[in-house]
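Enquirer: Pasting in a structure now, in structure tokens, and then I'll have a few things to ask.
The values are calculated or read from the model by the stated rules, or taken from the named source; none is laboratory data. Just so we're clear, the structure is a prediction, and the values are computed from it rather than from any experiment. Here Cβ is always computed from backbone atoms with ideal geometry, including for glycine, and neighbour counts include all displayed protein chains. Remember, those area values only see protein heavy atoms, side chains included, never the ligands or the DNA or RNA. Shrake-Rupley method; radii C 1.70, N 1.55, O 1.52, S 1.80 Å.
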Amino acid sequence: MKTFYSLLLLLLTLVPALGSSAQDKPRWAIKGVSDINGKRSNDSYRFVKFETFGGDLSQLRSEGTLPLVEYIASTNGLDADRAKVELVTPASDIHTPAPNDSEGSAATARDYRIVFAGSPDHVFHARLIDEYSSFDENVDMTYDYTLYQLYAVSTAEGQTPVYDDCSFTRSYNGGALALSLVPGLGQWYKGQKTKSYCIWGGEVLFIGAAILCDARSRHFLDLRNEAFNDGNTISESSYQSKHHSWRAFRNIAIAGAVGVYIYNLADALFSKGPRQVVVSRPSGVSLAMQPTVVYDPSTTVSPAIGLTLTF
């Protein structure tokens, strides 16, 4: 029993340690882009994730627009070999952020114009939103880099997309807390799968221990009652002691299960998860209403009063 509780104590020590480790891989690289595509304010663009692999990270970065060109070509029935990629963002505005900054950086963003030669030319636009690279071990014991890129890509040829403003956060607040009412789901939502497994394992162990200890406590209580009825005071005292011991273990296990649950809630609310993209309406886009006087000679009643919406 002492070994059992030592393992549980080790588990409780391990879970917070897992939460303190850096989580650099962004949420979109883990779970995809369906959620952030649903947060766009307009359909002039869509978020697309690309993954490329190779042994030279510098080469992967220099060829970072190749999957973008291939995506646009395959989506629109064009020839990728006839594409030319133009960097629209001025060189003076391009800054290289710290590699794999866990907080994310707006300095990663840059705009591209992709032109497919033809009669006439086919023009598309794209913006690099975020980037992440990892160093991975393959099954054959070789190593490769994986470059993850998040682009906002125009949805129509020749159309200049109205990009939403994108920022980064590692805070999940209410969403993770609501899910963590079921232990471990808030951590799973944030991409902290190992921590979720530890929380689930801890709850199973503590609840299982509470059930086992309660059964043993009741068993010795029954034996104690039988000894009391038989007038066997020695056995009665022994069974009474064992009954109290198992009941104490049960209470410790219940307290452990409650402790894991409280930790699960606090961790879901306060701990940082992998960075996610926050999509908001462009700062230059506004909505205004003003009254106007309208004169229309084709109507029987004029002039008229109307409202004008300005975007």
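Enquirer: Is there a pair in Lys39/Lys84; Lys31/Lys272; Lys31/Lys84; Lys39/Lys193; Lys25/Lys84; Lys49/Lys272 whose C-alpha atoms are over 28 Å apart, and which pairs would that be?
Expert: Flagged as over cut-off: Lys39/Lys84; Lys31/Lys84; Lys25/Lys84.
Enquirer: Could you tell me the center-to-center distance, by alpha carbons, between region 249-283 and region 213-234 in angstrom?
Expert: Cα centres, region 249-283 to region 213-234: 42 Å.
Enquirer: If packing is taken as the average number of other Cβ atoms within 10 Å across a peptide's residues, how do 220-228, 150-158 rank, most packed first?
Expert: The peptides rank, most packed first, as 150-158, 220-228.
Enquirer: Could you look at region 83-212 and say what percent of its accessible area is carbon and sulfur, using a 1.4 Å probe and all protein chains?
Expert: 59 percent
Enquirer: Go through region 57-73 residue by residue and turn each phi into a ³J(HN,Hα) via Karplus (6.51, -1.76, 1.60, θ = phi - 60°); whole Hz please, and just put x for glycine and proline.
Expert: 5, 4, 5, 4, 5, 5, 9, x, 8, 4, x, 5, 4, 5, 5, 5, 5
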